[in-house]
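Read the structure below first, then the notes.
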Amino acid sequence: MQDLYLNSVQEFNDYYGFETFHPLVSVVHFDREEPFEECMVHYGLYALFLKENKGCKMFYGRTEYDFDEMTITSFEPGQVLHVQQELYGGVRVFPRWTALVFHPDLLKRTNLGRNISRYEFFGYKSTEALHLSQQEIDVFRGVLSMIDHELHHAIDKHSRDLIVSNIELLLNYCLRFYDRQFITREEINHSVVKKFVTLLDDYLANKAEKEGLPTVAYFADKCCLSTGYFGTLVKIETERTAKDIINERMLQKAKELLQSDTLTVTQISQRLGFEYPQHFVRFFKALTGKTPTQWRAA
């Protein structure tokens, strides 16, 4: 299996056989019946892919992307994807896709560059592609066509601003589409939150003393989601952050343990995963207005 490094727009276009119209951004459509080797793709670019049919599988680590016809998945610099061609009935299926790729240098000294962290979907590392309605596909393609038009226009002093502003517009639409998806997948989201709370209670009861304080990243990984996607899902489903839920369950567990006269405050802090008792005291007082000792004596 080969390693493929795509650190520039030129390298991306050369690999897939596209012409380069701008050194930092490209809009392309792939629709060729060409077999390809299984590979590990190392991204040095931002990329948005609209997958238009079945034909390839993508994995981040051991997890397969939730990724089918008319879905968008996004990658950011530093991600490594395992890509392989799909077979149906022993026959190769050739993927069709449209993509926007752009280099981080395009965003230097721009509003989008300063706010790129808003678009957390670039960090969704597994299981959640963006599934589009036909209307959303039309919007996505419409904005892409405006970017593509600028790439074929003679470069002038307005070119970069127009390209970047249209990329920002496209990313803002993706935020809207993801919000819609979170809402329409309510049953799936509810099951994730239920699993999170179950895992959290088990962690506090059996693992915290050895493994330390529970983290959002730990439970996101256990639910096979990126930290960003997991956090957004929990917030939309519960109107509370994942960190708030962790703190609430930790406080509940602390109060249960404080009802036992056989455990000292230090022992309770250790059971909950705190490295130092004073950190536990500070945590407890911040949430209740009392120290553990004062709460126990009340």
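The values are calculated or read from the model by the stated rules, or taken from the named source; none is laboratory data. Note that the coordinates shown come from a computational prediction; the quantities given were computed from them, not determined experimentally. We place every Cβ from the backbone using ideal geometry, glycine too, and count neighbours over all the protein chains shown. Side chains included, ligands, DNA and RNA excluded: accessible areas come from the protein's heavy atoms. Shrake-Rupley method; radii C 1.70, N 1.55, O 1.52, S 1.80 Å.
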Worksheet item: Exactly one of (1) aliphatic (A, V, I, L, M); (2) more than 22 Å from Ile188 (Cα to Cα); (3) in a loop (DSSP other than H, G, I, E, B) is unmet by Ala205. Its number?
Response: (3)
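Given the residues Asp148, Asp179, Asp138, Asp161, which is the only one that is open to solvent by 20 Å² or more (accessible area, probe 1.4 Å), at pLDDT below 90 and either part of a loop (DSSP other than H, G, I, E, B) or charged (D, E, K, R) (or both)? Quick ask: steps written out before the conclusion?
Working: Asp148 fails: at pLDDT below 90; Asp138 fails: at pLDDT below 90; Asp161 fails: at pLDDT below 90.
Within the list Asp148, Asp179, Asp138, Asp161, the selection yields Asp179.
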Worksheet item: Within the bounds of the stretch 125-134, is there any residue that is within 24 Å of Asn13 (Cα to Cα) and at pLDDT below 80?
Response: yes
Discussion item. Which residue is most open to solvent (accessible area, probe 1.4 Å), if the candidates are limited to the stretch 261-298 and must be under 21 Å from Lys210 (Cα atoms) and part of a loop (DSSP other than H, G, I, E, B)?
Written reply: Glu275
Worksheet, complete the sentence: Scanning the stretch 208-230 for residues that are open to solvent by less than 70 Å² (accessible area, probe 1.4 Å), touching a residue at least 40 places away in the same chain (Cβ under 8 Å) and either touching a Pro at 6+ places or on another chain (Cβ under 6 Å) or not polar (S, T, N, Q) (or both) gives Ala208, Gly212, Pro214, Cys224, Leu225, Gly228, Tyr229
